[in-house]
Amino acid sequence: MKPRNLYLQSRHGLSLFLICSVSLFAGLTFAQESDVTVPFDIFGKTMGPIAYKVSIADHPESVSPIDLQERVSEVLENVNQLMSTYQPDSDVSRFNRSSSTEFQAVDPKTAAVVARAIEISKLTDGAFDITVGPAVNLWDFGPKNSNFEIPTVSQTDAIKDTIGYQNLEVQLDPPAIRKSISDAEIDLSAIAKGYAVDQVAAALDNLGCRNFLVEVGGEVFTRGQRFSGGKWRIGVERPTDAGVSLSNIAEISNQAMATSGDYRNFHEVDGQRYSHTIDPQTCRPVKHTLASACIIFKDCMTADALATAIMVMGRDRGLDLCKELGADCLLVERESDFGDQLTEYTSKSFPLLSDPTPSDAPTIVQQILPVFIGAAVIFGLVILSMSVGAIFAKKPITGSCGGLANQTNEDGETTCGICSKPTTDCVEKDA
């Protein structure tokens, strides 16, 4: 599916990027590439409804913004065409429809992603498994829409034999994959977004870009620095009763960040939460109270898969895995299924920003100065208006109100409504 709603935006000044994505924009959308200056953003939709955004802090003069836009679109469309479960002619869809247990030719990119998925499955003892799709669908978290009913034990047992990364085999030269069980299927949704991010980043690298940020559906990769200098700032999601908030900011450069959580997609039945995170070994939702996992790693494909795996593994095993792999993590755990008390667990080197205020935020002086100037102008106008009468009367004035409080009309009444009881200090003197 082609990316939709593709825009090119220019903004001046530093922008703070936050994952699901918070940016401070300034500027306008330009129709002509000659009008676009750095930094600028490219954004749109890919893989169906998934939003993406590319923030470019600089680019070589030999490559126009429109060329960058078209290259980003081309890369994302290619990944979608190969790995989507919604595209009937994709490598994944054709493999799932086939009942053959022989090797089936696929694109080298598809083979590379499946190979990495199997590696991560082994690293996580099966917590990450791209064959878990039938269980996800059984619990009504897949593409099928129906009235949810808790599956029976016999229903989950019936699909267990079809689930397991051990049923897959991949070869890279020539690129092909096979399944040892005819009705086994694969779903790359827990790793393909991260791979798409890496592919866009590689394309920008090849075009000579050295400072940029790529985000697809909340998965992020950063290169170099933001426009005003310093590492890129990424918002870290935190589950809340209302859904999610952005309470932390991480600073990263030349790294990827991916987040997985149970706060967007779950079933509630009789006061019990059923997470969309399915344990491939039980074919049932996980029972622990880990609410989200944010992972920082050198590539986004691995970070994406690890975030999903740790949501299956739980806090303790997840922390151990990150330590073993050298990944940074921030895990958020609930006290209970619907409890609002949350506890964060972070690796020692997780790069949280101690002061979340952006460095380019206006200073106190910058905030107060316009107010001060406005007040000074108003005050000056008031003084001028108060003095008009005395000026035209050609009389010197004294007093805090300029002598106007002691002015009288034809009936001898005070004309100033502000001071109903003028003091003796407020007098007119003859010239």
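Going highest first, how would you order 160-168, 213-221 by mean Cβ packing within 10 Å?
The most tightly packed comes first, giving 213-221, 160-168.
Using amide H atoms built 1.01 Å from N in the peptide plane, name the residues 5+ places from ASN254, or on other chains, whose amide H lies under 5 Å from its own.
Hits under the 5 Å cutoff: THR222, ARG223, GLY224.
What is the range 100-240's relative contact order, in percent, from Cα pairs under 8 angstrom and six or more apart in sequence?
24 percent
Could you derive backbone 3J(HN,Hα) for the range 319-334 from the dihedral phi with the Karplus parameters 6.51, -1.76 and 1.60 (θ = phi - 60°), listing whole Hz in sequence and x where the residue is Gly or Pro?
Once rounded to whole Hz, the list reads 4, 5, 5, 4, 5, 5, 8, x, 9, 8, 8, 10, 10, 10, 10, 7.
Rank these for me by crowding, ARG210, ARG226, ARG315, going from fewest to most other beta carbons within 10 Å.
Going from least to most buried by this count: ARG210, ARG315, ARG226.
So for the range 133-200, what percent of the C-alpha to C-alpha distances run longer than 14 Å?
70 percent
Once phi is turned into θ = phi - 60°, what whole-Hz ³J(HN,Hα) does the Karplus curve with 6.51, -1.76 and 1.60 give for every residue of the range 198-214, x standing for Gly and Pro?
4, 5, 5, 4, 5, 5, 5, 4, 5, 7, x, 6, 10, 9, 7, 9, 10
Readers should treat all values here as calculations from the given coordinates under stated rules, not as data from a laboratory. Remember, it's a predicted structure, so these values are computed and weren't measured experimentally. Backbone-built Cβ (ideal geometry, glycine too); neighbour counts: all protein chains shown.
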